[in-house]
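A.B. asks: What follows is a single structure, and I will ask about it in a moment.
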Amino acid sequence: MSLKQYFARLPLTDRITYAIELRSAVFYGIFTGLAIPLIPIVARRIGMSPEAITIMVTSQFAGALLGVFAGRLADRGKKMPWAVWPNVAARGLIGLLAFASTPLSYLLIASGFYTIINLSGPAYSSIMRTNYSDAHRGKLMGNVRILVVIVSASFSSIAGIILAADEAIVRWLFPVAALFGVLSSLTFGTIKVRKGPLLFAARAPRPARATLGMLRRNRLFLGFLGLMFLCAFPDKFSVSLEPIWMVDVLHLSYGEASLILGTVMSLASVVGYWFWARALKRANPFLLLALVVMLFAGRFFAMALTRTGPQLLAMSILSGLTNAGWDLVPLFCMIALSDMGNFSMYFGLNTTLYGVRGLLGPTIGTWLYASGTLSLHGMFWLIGGLLSVGAVSMFFFSRLRAVRAALTPDAREALRR
């Protein structure tokens, strides 16, 4: 089938959105391939302390605390500005890392990037809900991400070759990456946001108190968020420790970081996005999420067994597969449980809890390591074990969800009471 025939099979709104998002994805792939794997590695190489690295990497979670607020504003007003301008500001900041000559200046700039970047999540997810049809959303979102990781892997490889020749060039990759990151956001901003189904398009936005009341009454959604906390909290223990482990224990070079953490992980993500996008059309998303979490546990078991840089390949492959799953599958779970008229608010609540997990987890992990309670490898064994418990719990939730879906409306109402 030709590309023209493939596009012709899509509904008009899907087709227009998809074409623009593909162009945006190319620019975003260049941005991530050149910059993202190197940010924590450079931080440690220039002498940033473990405490400062903890502040830097947890700043992304501080920004996520505003997820409910950002989602509420996106539901009440125009969604696209909230999807574009936080990303423009955050990605633009990356260019300034070339001029950060001290650990403090590097910390301030990188923390600004991590703080702002999550504010666009609720609006972006809502646009994906309205602009892509249910029949094609998973496949199209998966294809866009496959393009991102292919481009990202290519440019990570290029960066690795350049850095192998001269590591001093590393700082100047950041401004180039920032330029393409901003171009990606501005290109995405040309998408025309469509209205949702008529049932929701005609409905006036609920007052904030009414919306929060609606969230409280959706016990199944709240139960899902509780399980998400269990499944997505343990890995945060290692957020500030992994850069230290890779540099101080494994002695990972810039070239190895670009290859293993960039290229290999991106190629694994291609496989992951291809698999998860197609599985979501056929399988229970909650069951798929349980599988994602179990594979994620395997990532940390692989890290616990790693003693040299090349042995990171197993971890990198599992990271790529699970990152793709985390990117797609929870969104479809929330769509299945949410009121679509206020979807940004629902997703924003999840983003806020992501921020809570991210602020608590690295603090706990750093304390466990710094106090001598657990070694780095001991931390990885602990995280893998906790994630395994979360995966089993999500499996049982998926069965509960299947039973509930089979109930009559009267029986479901009785359960809510």
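The values are calculated or read from the model by the stated rules, or taken from the named source; none is laboratory data. Not measured: the values here are computed from a predicted model. Cβ coordinates were reconstructed from backbone atoms using ideal geometry, including for glycine residues, and neighbour counts include every protein chain displayed. The accessibility values were calculated without ligands, DNA or RNA, using every heavy atom of the protein model including side chains. Shrake-Rupley method; radii C 1.70, N 1.55, O 1.52, S 1.80 Å.
A.B. asks: Has segment 374-390 got any residue that is more than 25 Å from the chain's Cα centre (by Cα), under 23 Å from TRP245 (Cβ atoms), modelled with pLDDT of 90 or more and outside any helix (DSSP H, G or I)?
C.D. replies: For segment 374-390, residues more than 25 Å from the chain's Cα centre (by Cα), under 23 Å from TRP245 (Cβ atoms), modelled with pLDDT of 90 or more and outside any helix (DSSP H, G or I): present.
A.B. asks: Same structure again: Suppose we filter segment 95-120 for residues that are within 17 Å of PRO37 (Cα to Cα) and of a type in the set (Val, Ile, Thr); how many remain?
C.D. replies: 2
A.B. asks: A further question follows. Please go through segment 74-92 and pick out each residue that is open to solvent by less than 60 Å² (accessible area, probe 1.4 Å) and of a type in the set (A, V, I, L, M, F, W, C). If you could, list the steps in order and put the result at the bottom.
C.D. replies: Step one: list which residues in segment 74-92 are open to solvent by less than 60 Å² (accessible area, probe 1.4 Å), which gives 74-75, 77, 79-81, 83-84, 86-92.
If the condition is that a residue be open to solvent by less than 60 Å² (accessible area, probe 1.4 Å) and of a type in the set (A, V, I, L, M, F, W, C), then ALA74, MET80, ALA83, VAL84, VAL88, ALA89, ALA90 are the ones that fit.
A.B. asks: Given the conditions (1) over 25 Å from THR352 (Cα atoms); (2) part of a helix (DSSP H, G or I), which single one is not true for LEU289?
C.D. replies: Unmet for LEU289, out of (1) over 25 Å from THR352 (Cα atoms); (2) part of a helix (DSSP H, G or I): (1).
A.B. asks: Only one of (1) touching a helix residue (DSSP H, G or I) at 6+ places or on another chain (Cβ under 7 Å); (2) at pLDDT 85 or above is not met by SER338, so which one is it?
C.D. replies: (2)
A.B. asks: If we keep just the residues of segment 101-111 that are modelled with pLDDT of 90 or more and among the small types (Gly, Ala, Ser), which is surrounded by the most Cβ atoms within 10 Å (Cβ to Cβ)?
C.D. replies: Applying the filter and picking the extreme gives ALA110.
A.B. asks: Out of all the residues in segment 23-34, is one or more in contact with a Lys or Arg (Cβ under 7 Å, 6 or more places away or on another chain) and either assigned to a helix (DSSP H, G or I) or hydrophobic (A, V, I, L, M, F, W, C) (or both)?
C.D. replies: yes
A.B. asks: On to the next question. Determine the pairs where a residue that is over 16 Å from THR102 (Cα atoms), located within segment 168-182, has a partner that is open to solvent by 50 Å² or more (accessible area, probe 1.4 Å) and of a type in the set (Ser, Thr, Tyr) with Cβ atoms under 8 Å apart, the partner being 6 or more residues away or on another chain.
C.D. replies: PHE180/TYR28; GLY181/TYR28
A.B. asks: Having 1 or more residues that are buried (at least 16 other Cβ atoms within 10 Å of the Cβ) and modelled with pLDDT under 85 is the bar; report the helices (runs of 4 or more DSSP H) wholly within segment 124-202 that clear it.
C.D. replies: Numbers: elements: 137-165, 170-188, 198-201.
It comes to 137-165, 170-188.
A.B. asks: Please name all residue pairs, on different chains or six or more residues apart, with Cβ atoms under 9 Å, provided the first residue is in segment 375-398 and is without any contact (Cβ under 8 Å) to a residue 60 or more places away in the chain and the second residue is crowded, with 22+ Cβ neighbours inside 10 Å and assigned to a helix (DSSP H, G or I).
C.D. replies: Listed pairs, sorted by first residue: PHE396/ALA290.
A.B. asks: Out of (1) assigned to a helix (DSSP H, G or I); (2) in contact with a helix residue (DSSP H, G or I) (Cβ under 9 Å, 6 or more places away or on another chain); (3) open to solvent by 10 Å² or more (accessible area, probe 1.4 Å), the odd one out for GLY47 is which?
C.D. replies: Single failed check for GLY47: (1).
A.B. asks: Would you call THR322 surrounded by 18 or more Cβ atoms within 10 Å (Cβ to Cβ), in a helix (DSSP H, G or I) and at pLDDT 90 or above?
C.D. replies: So THR322 fits the description; yes.
A.B. asks: While we're here: For segment 237-282, enumerate the residues that are outside any helix (DSSP H, G or I), open to solvent by 20 Å² or more (accessible area, probe 1.4 Å) and at negative phi.
C.D. replies: VAL239, SER253, LEU280, LYS281, ARG282
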